[in-house]
Amino acid sequence: MENYNENMNYSFEPMPEQSAHTQAHQEPEKPKKQKKSHTTLKLVALMLVVAIVAGAGGSVLTNVINNLSDKNAAQQEEDAEPAMAESELPEGEQDMGSYTLVSSPLPEKLPSNSGDKSLSRSEVYAMNVNACVGIATQITTNIWGQTASASVAGSGFILTEDGYVVTNNHVVEDATSVTVKLYDGQEYEAQIIGTDSMNDVALLKIEASGLQAVAVGNSDGLSVGEEVIAIGNPLGELTFTMTAGCISALDREINTDGKPINMMQTDAAINSGNSGGPLFDMNGNVIGITTAKYSGSTSSGTSIEGIGFAIPINDVMDIVYDLQQYGYVKDRAYLGVTVRDLNDSTAQTYGLPVGPMVQSVSEGSCTEKAGVQQGDIIIGYEGKTIESYTDLVAALHHSKAGDTVTLTVFRAGAQLDLTVTLDERPQDTEISAIEDDQNQKIQQEEENQQQQQQINPFDPFGFGN
């Protein structure tokens, strides 16, 4: 699948075997609802576009999944003790059918290695390869109206010796099963404890003890030029591969799937299958999660090489603790509006500022209470200029639910400052339901505009008579 913008051609990189694998696993099940892009509500064009680097298709790791049902059935036959009723389980435990998964809390402090960052690459690899994992997931997707099975390969790392594993959300998103494979060949079925699509982080749990865990560093103390290594599973087949490079830049706002995420840039080779794997400093500490890369060529035909991105571990750990405790990120700010970007040409045509135009305002939301109206163009947030949906999302990342902020809007030729006390972001399922309802309303309004357009073809956007 290819996507384009005016600056860069890029492509998502599915494994070559994906189509054959998918065709071979078609099932007559009810098609699963596809994830919606909501482009009407979000972006008309992306300013920064990257390829996320989970590998889709066949791999050595995905052979694990094919044996899961047989292994579970055999384990159940050998187990002479009847499973406990869910109501009888001790607090903090989940009934997994053939075993019981204990979700113990994360320790308040995680280990960290001190030093002058002078270890060799081979030393860092030897210290940490047993704490790195391959991840294989099985997903059900819909292709040309047919339900089909496919696999995704990614990477991750062991956070605690009792089996908490960190990876990217896009590695496990919509997975029907998740398998974690260790360097020594052991394989575990994993439970998804929580996911965060906004920052592309997921927390898994496997039933194990005495595992080797990573040491966690401080990504706020990094400098451009520092040497780093990545360990992961490029292409989903070249398992536990080490690549090396340096920190190329810090605090890049990288847009993946319309969601701006703060990342660090590295020239360590990142490929499909590396997603979710650890990026280490030369003390052997995890300082980031490898997540994305630029891929393809520029509009002038120049090929793109050595531009990969990782999420800083300090940002990740703030999310992970919430995922373990709540299953989602708590106190995330939410406006309760859907928006559509106005591009430069449309704005110039109608004498409007560039920015996200409000398409709908949720009933009872903080923005409705503050007086935000459909048709308002958001041009400022706490004094910062807003020119796009991604600008607005990035600004919200610096606020929490309950904060009172100033939202600047353009309405009927005037600039207004509105005071908004931010709501807490609902979980993704709730937001999807809200957006589905609002999408229907917007679609109806667009149909009405098309009818109006036939009457007045010189006003295609319905801004005036």
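The values are calculated or read from the model by the stated rules, or taken from the named source; none is laboratory data. Source: prediction; values computed, not measured. Every residue, glycine as well, gets a Cβ built from its backbone with ideal geometry; the counts of neighbours run over all protein chains shown. Side chains included, ligands, DNA and RNA excluded: accessible areas come from the protein's heavy atoms. Shrake-Rupley method; radii C 1.70, N 1.55, O 1.52, S 1.80 Å.
The table below gives the values:
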read-out: Test set (1) among the aliphatic types (A, V, I, L, M); (2) in a strand (DSSP E or B); (3) open to solvent by less than 10 Å² (accessible area, probe 1.4 Å); (4) touching a residue at least 60 places away in the same chain (Cβ under 8 Å) - Ile193 fails condition number; value: (3)
read-out: Index of the failed condition, Ala153 passing every other in (1) modelled with pLDDT of 90 or more; (2) buried (at least 21 other Cβ atoms within 10 Å of the Cβ); value: (1)
read-out: Count - residues of region 359-371 that are over 29 Å from the mean Cα position of the chain (by Cα) and part of a loop (DSSP other than H, G, I, E, B); value: 1
read-out: Test result for Asp417, modelled with pLDDT of 95 or more and open to solvent by 20 Å² or more (accessible area, probe 1.4 Å); value: yes
read-out: Filter result for the condition that a residue is open to solvent by less than 20 Å² (accessible area, probe 1.4 Å) and over 29 Å from Gln265 (Cα atoms), over Gln348, Gln359, Gln325, Gln373; value: Gln359
read-out: Matching option when the condition is among the aliphatic types (A, V, I, L, M) and farther than 14 Å from Ala131 by Cα, among Ala208, Ala268; value: Ala268
read-out: Which numbered condition Asp318 misses (of (1) surrounded by fewer than 19 Cβ atoms within 10 Å (Cβ to Cβ); (2) under 22 Å from Met198 (Cβ atoms); (3) in contact with a Leu (Cβ under 7 Å, 6 or more places away or on another chain)); value: (3)
read-out: Only listed residue being outside any helix (DSSP H, G or I), under 18 Å from Ile231 (Cβ atoms), aliphatic (A, V, I, L, M) and open to solvent by less than 10 Å² (accessible area, probe 1.4 Å), chosen from Val180, Val171; value: Val180
read-out: Filter pass, Thr385 being more than 13 Å from Arg332 (Cβ to Cβ) and modelled with pLDDT of 90 or more; value: yes
read-out: Selection count, region 257-299, where residues are open to solvent by 10 Å² or more (accessible area, probe 1.4 Å) and either free of Cβ contacts under 8 Å to residues at least 60 places away in the same chain or not in a loop (DSSP other than H, G, I, E, B) (or both); value: 8
read-out: Residue selected from region 234-256 under the condition under 26 Å from Gly163 (Cβ atoms) and either of a type in the set (Asp, Glu) or assigned to a loop (DSSP other than H, G, I, E, B) (or both), by the criterion most open to solvent (accessible area, probe 1.4 Å); value: Leu238
read-out: Among the residues listed as Phe309, Phe280, the single one being closer than 25 Å to Ser151 by Cβ and aromatic (Phe, Trp, Tyr); value: Phe309
read-out: Leu392 being under 26 Å from Asp322 (Cα atoms) and at pLDDT 70 or above; value: yes
read-out: Top-ranked residue in region 248-280 [being modelled with pLDDT under 95 and β-branched (Val, Ile, Thr); ranked as nearest to Ser295 (Cα to Cα)]; value: Ile270
read-out: Every residue from region 200-214 that is in a loop (DSSP other than H, G, I, E, B), out of contact with any Leu (no Cβ under 9 Å at 6 or more places or on another chain) and either among the hydroxyl-bearing types (Ser, Thr, Tyr) or crowded, with 24+ Cβ neighbours inside 10 Å (or both); value: Asp200, Ser209
read-out: Qualifying residue in region 222-233 (condition: open to solvent by 20 Å² or more (accessible area, probe 1.4 Å), touching a residue at least 12 places away in the same chain (Cβ under 8 Å) and not in a loop (DSSP other than H, G, I, E, B)); value: yes
read-out: Candidate set: region 300-315, residues that are in contact with a strand residue (DSSP E or B) (Cβ under 7 Å, 6 or more places away or on another chain) and part of a loop (DSSP other than H, G, I, E, B); chosen: the one farthest from Ser197 (Cα to Cα); value: Ile304
read-out: Residues satisfying the stated conditions in region 215-248, i.e. among the aliphatic types (A, V, I, L, M) and at positive phi; value: Leu235
read-out: Cβ pairs under 8 Å, 6+ apart, first in region 339-367 and farther than 25 Å from Gln444 by Cβ, second of a type in the set (Ser, Thr, Tyr) and part of a loop (DSSP other than H, G, I, E, B); value: Val354/Ser388
